[in-house]
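Undergrad: This is the structure I have questions about; it appears just below.
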Amino acid sequence: RLIDVSVTISPIFDKNNRIIGTSTIVRDITSKKAQERIQELESRYRDLVDTINVGVYRSTGDSEGRFIWGNTSLVRILGYDSLESIQEVPVARFFIHVHGRDELLHELREKGFVRNRELLLKKADGHVAHLLVTALAPFVEGGNISYINGIIEDITDQKVLARKLASLEHLVKEPGRGPALQ
């Protein structure tokens, strides 16, 4: 097998200052190099996850819920200053609908995942965000959710544009209300 090594070679001189040999020290640094590669990959992964326009998170699986981890897009989407400030708020309080968190947990218990489920969540400033969530939940003994890994996509702007488009279409279809066509 291939290994990473550090090599130190020193000349050995005779009494006339001529090189008559070498002293070689070889150290196996395979584990050190492997650790460096892992750290580099983790750093690149974090950079990728933090720069995508989708919130990535891990939360607890209990009814109140707490964010364990989230990327910077999650923080931005929910309108907070930092991950730490989001971690202080129970996940259930983000939901507009009183039983929204419970409904999500029920679906996760039934299927083990949810895909593109639309949620209405409260942002830090009180505004409503329309989000699509996709999440997976592993279970512990007894059928309880161990934790939830998920992604959220903010579709608020799409919803607003769809409502505006629908109202414009309504105006165009009403006789005498739309633009004159020649």
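Undergrad: Counting just the Cα atoms, what span does the chain cover along each of its three principal axes? Round to the nearest Å and put the largest first.
TA: Principal-axis extents of the chain (Cα, largest first): 110, 60, 32 Å.
Undergrad: Still on this structure: With just the Cα atoms defining each centre, how far is segment 1-78 from segment 119-140? Give it in Å.
TA: With segment 1-78 and segment 119-140 each reduced to a Cα centre, they are spaced 33 Å.
Undergrad: Could you give the alpha-carbon Rg of segment 47-125 over 2.2 N^0.38 Å, rounded to two decimals?
TA: It is 1.08.
Undergrad: Would you count, across the chain, every pair of lysines whose alpha carbons are under 30 angstrom apart, provided the pair is eight or more residues apart or spans two chains?
TA: 9
Undergrad: Full-extension gain between Thr22 and Arg1, please, as 0.36 nm times their residue separation minus the C-alpha to C-alpha distance.
TA: Working it through step by step, the gained length comes to 4.9 nm.
Undergrad: Averaged per residue, what accessible area in Å² does segment 24-67 show with a 1.4 Å probe, protein chains only?
TA: Each residue of segment 24-67 exposes 73 Å² on average to a 1.4 Å probe.
Undergrad: Residue separation times 0.36 nm, minus the C-alpha to C-alpha distance between Lys111 and His99: what's the value?
TA: Net length gain for the segment: 2.5 nm.
Undergrad: What is the spread of the Cα atoms of segment 1-89 along each of their three principal axes, largest first, in whole Å?
TA: 80, 24, 23
Undergrad: Roughly to the nearest percent, how much of the accessible area of the chain is carbon and sulfur, given a 1.4 Å probe?
TA: Carbon-and-sulfur percentage of accessible area, whole number: 54.
Undergrad: Would you kindly calculate the mean projected area, averaged across all directions, of the convex hull enclosing the Cα atoms of segment 67-173, in square nanometres?
TA: 8.1 nm²
The values are calculated or read from the model by the stated rules, or taken from the named source; none is laboratory data. All values derive from a computational prediction rather than experimental measurement. Areas reflect the complete protein model, heavy atoms only, side chains present, ligands, DNA and RNA absent. Shrake-Rupley method; radii C 1.70, N 1.55, O 1.52, S 1.80 Å.
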